[in-house]
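Everything below concerns the one structure shown next.
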Amino acid sequence: MKAGSIEGQVLIADDQQDVLEALRLLLKGEGFRIESATSPGAILAAMETRDFDVVLMDLNYTRDTTSGQEGLDLLTRIQTLDSAVPIVVMTAWGSVDLAVEAMRRGARDFIQKPWDNARLMTIIRTQVELSAALRRGQRLEAENRLLRTENRPTMIADSPAMQPVLQLISRVGPSDANVLVTGEPGTGKEVVARTLHAVSGRASRPMVTVNAGGLAEGVFESELFGHVKGAFTDAKMDRVGRFELADGGTLFLDEIANVPQNLQAKLLRVLEVGEMERVGSSKTRRVDVRVISASNAVLPDEVAAGRFRQDLLFRLNTIEIHLPPLRERREDIPLLASHFLSVHARRYRKALSGFDPPAMQGLLENPWQGNVRELNHVIERAVLMAQNGMVRPADLALRPASQGTTRLEDMSLEEVEAFLIKKALARYNGNVSHAANALGLSRSALYRRLQRYGL
Ligand SMILES: Nc1ncnc2c1ncn2[C@@H]1O[C@H](COP(=O)(O)OP(=O)(O)OP(=O)(O)O)[C@@H](O)[C@H]1O
Ligand SMILES: [Mg+2]
């Protein structure tokens, strides 16, 4: 190996064997590791299997063509596979326009054939060094993001039951993998979604939320994909959908089981190929979006019942993070309760030092059907009620665990409504559309009630 030579993995691509051979000899002599490809397909296949420090590629592959169009398209496709890899293109003498076009499309440098060995080596070395620095920088950035906490939502998870959740978050958070977050209502699915976004490379871009349970069927498609003026009666002007808004960032699809069936196919397509059209437009747009979805329905049951597409489920749950109900992680209750206490005490300007022992005992034993959200609401109320600097059992107003024997006569109208809604949701596996149907309400009317009752 020569003094000062640098390690680097170079992919060389040309459809002429003699060119490849000459390049291989030259670069090997300089200490580079070489892989070669003779067709666009082989280049893409090689890129799928390993990271290269530089791609050195000819722009013409199909014999008889000298336009370079095939090479230009290939350039774009390579960049979608690896946006960081430097690409150096080779063109025939005199085809300056082609070289310029390639640079415009993101090539880092070009070399004309027949090449000058010294110049070629300078270009390759420079690009390898830049690429190494860039990748190092990206890794550092990712690590820093994991350590940084300011943009992250508070997520309390000390219990053994939450350790697998924490591990999954740190493992898949920084990737672009689609994640499905499941768990009973109020278990913290949105908190997990926000945390995943905050530790990802997309953290500086927006996380856009779509609540599939809260949208009337008619507006759903345009909400997700946007529309063009005149697409339907109310479409007075062009509108950008949530997918486009989330471009470069994360889209959080909440209550995913409620996506109407006719839209499940369209959703599948964006997830598979990253392409979509605004309603009323035939122009295909590309979006780069990481999808995090959440559901409190058991999606495989929804699939079995024919209400949810299996192929869509496979796309969404590359990774599934399941949140255990609060009753299975009672160790977290004291920390969660103290956290909510300090949040609400600050908000309502009340000086409170904590819970007296019987109050804490009550919190530890409560069934928490509504999970962390219910705990939060109970503490908020207790903060308002508490006197003399301490939360006592009476402030918590926890009900004795005799829910099943509640008589309708003893309930207020609101309590009855909330009770029936809960029943309907449980019967339909959390599917808002079906529950709304059974209750004789529109989806949005039901949704408003869910919010009102904190369900
Ligand atoms: N581990 C946690 N640490 C701190 N706060 C939490 C945690 N989990 C949930 N919360 C809080 O509890 C409330 C409910 O959480 P979140 O909205 O994420 O639940 P969810 O699973 O999305 O509920 P739903 O199914 O009803 O949409 C929020 O106020 C959230 O901040
Ligand atoms: Mg939620």
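Would you call P334 touching a Ser or Thr at 6+ places or on another chain (Cβ under 9 Å) and surrounded by 15 or more Cβ atoms within 10 Å (Cβ to Cβ)?
no
Would you confirm whether any residue within region 158-167 is in a helix (DSSP H, G or I), within 16 Å of ligand 2 (Cβ to nearest atom) and either in contact with a Phe, Trp or Tyr (Cβ under 6 Å, 6 or more places away or on another chain) or at pLDDT 90 or above (or both)?
Taking region 158-167 first, the residues in a helix (DSSP H, G or I) are 160-167.
Adding the requirement that they be within 16 Å of ligand 2 (Cβ to nearest atom) leaves 165.
Narrowing the set further to residues that are either in contact with a Phe, Trp or Tyr (Cβ under 6 Å, 6 or more places away or on another chain) or at pLDDT 90 or above (or both) leaves 165.
Checked against the condition, which is being in a helix (DSSP H, G or I), within 16 Å of ligand 2 (Cβ to nearest atom) and either in contact with a Phe, Trp or Tyr (Cβ under 6 Å, 6 or more places away or on another chain) or at pLDDT 90 or above (or both), region 158-167 yields at least one hit.
Conditions first: (1) within 16 Å of ligand 2 (Cβ to nearest atom); (2) free of Cβ contacts under 8 Å to residues at least 24 places away in the same chain. R286 passes all but one, so which condition is the exception?
(1)
Restricted to region 222-256, and to residues that are in contact (Cβ under 8 Å) with a residue 60 or more places away in the chain and either open to solvent by 10 Å² or more (accessible area, probe 1.4 Å) or part of a loop (DSSP other than H, G, I, E, B) (or both), which residue is nearest to V298 (Cα to Cα)?
Filtering first and then ranking leaves E255.
Scan region 234-252 and give yes if some residue there is out of contact with any Gly (no Cβ under 6 Å at 6 or more places or on another chain), within 13 Å of ligand 1 (Cβ to nearest atom) and closer than 20 Å to E320 by Cα, otherwise no.
Checked region 234-252: at least one residue is out of contact with any Gly (no Cβ under 6 Å at 6 or more places or on another chain), within 13 Å of ligand 1 (Cβ to nearest atom) and closer than 20 Å to E320 by Cα.
Hey, does region 178-187 have a residue that's more than 16 Å from ligand 1 (Cβ to nearest atom) and either in a loop (DSSP other than H, G, I, E, B) or not acidic (D, E) (or both)?
At the first step, the residues of region 178-187 found to be more than 16 Å from ligand 1 (Cβ to nearest atom) are 178.
Those left that are additionally either in a loop (DSSP other than H, G, I, E, B) or not acidic (D, E) (or both): 178.
Among the residues of region 178-187, at least one is more than 16 Å from ligand 1 (Cβ to nearest atom) and either in a loop (DSSP other than H, G, I, E, B) or not acidic (D, E) (or both), which makes the answer yes.
With respect to the numbered conditions (1) under 16 Å from T318 (Cβ atoms); (2) more than 16 Å from ligand 1 (Cβ to nearest atom); (3) open to solvent by less than 10 Å² (accessible area, probe 1.4 Å), which one is the sole condition not fulfilled by S295?
Failing condition for S295: (2).
Kindly establish whether V270 is part of a helix (DSSP H, G or I) and without any contact (Cβ under 8 Å) to a residue 24 or more places away in the chain. So that I can check it myself, show each step before the final result.
Values: part of a helix (DSSP H, G or I): yes; without any contact (Cβ under 8 Å) to a residue 24 or more places away in the chain: no.
So V270 fails the test.
Output the residues belonging to region 23-63 that are open to solvent by 40 Å² or more (accessible area, probe 1.4 Å) and within 21 Å of P114 (Cβ to Cβ).
R24, L25, K28, G29, S36, T38, R63 - these are the residues of region 23-63 that are open to solvent by 40 Å² or more (accessible area, probe 1.4 Å) and within 21 Å of P114 (Cβ to Cβ).
Per-residue answers, yes or no, for (1) closer than 26 Å to T182 by Cα; (2) aromatic (F, W, Y); (3) at pLDDT 95 or above:
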site: R329; (1), (2), (3): yes, no, yes
site: F340; (1), (2), (3): yes, yes, yes
site: R347; (1), (2), (3): no, no, no
site: Q361; (1), (2), (3): no, no, no
site: Q369; (1), (2), (3): yes, no, no
site: D395; (1), (2), (3): no, no, no
site: Q403; (1), (2), (3): yes, no, no
site: L408; (1), (2), (3): no, no, no
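The values are calculated or read from the model by the stated rules, or taken from the named source; none is laboratory data. Since we're looking at a predicted model, the values are computed, not measured. Note: ideal-geometry Cβ built from the backbone for every residue, glycine included; neighbour counts use all protein chains shown. With ligands, DNA and RNA removed, areas are computed over all heavy atoms of the protein, side chains included. Shrake-Rupley method; radii C 1.70, N 1.55, O 1.52, S 1.80 Å.
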